[in-house]
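Asker: First the structure, which I've put down as structure tokens, then a few questions once you've had a look.
Derivation of every value follows stated rules applied to the coordinates shown; laboratory data play no part. Just so it is clear, the model here is predicted, and its values are computed rather than measured. Neighbour counts are summed over all protein chains in view; Cβ atoms, including those assigned to glycine, are modelled from backbone coordinates with ideal geometry.
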Amino acid sequence: MTDKEYYDNESLCNEDFDFDVYITGSDQVWNINCVDADDAYFLNFVKQGKKLLMLHRWELMILKKHLVIRINM
């Protein structure tokens, strides 16, 4: 965690973070009606480290039915 607050994606992209893992919530990523959608939800500012997407159990069950993909980042 950082004590600094970020208000836009550009500020995040200009930082040089050094974390092992970055986590985003599935409700932001999958919400096509999100009025404040931002590329930061997709962790585009991450230069190194692992990117993880937190899923609700029902989302995981839907994904298992359709496909299984492992993405190495």
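Asker: What does the highest-first list of 43-51, 30-38, 7-15 look like by mean Cβ count within 10 Å?
Answerer: Taking the mean over residues of other Cβ atoms within 10 Å, the ranking is 43-51, 7-15, 30-38.
Asker: If you don't mind, another one. Identify all aspartates and glutamates with a Cα-Cα distance to K47 below 13 Å; exclude those on the same chain that are fewer than 8 residues away in sequence.
Answerer: Counting by Cα, and skipping residues close in sequence, K47 has these aspartates and glutamates nearby: E15, D16, D18, D20.
Asker: Using 0.36 nm per residue, how much length does the chain from C13 to D38 gain when fully extended, once their Cα-Cα distance is taken away?
Answerer: 7.8 nm
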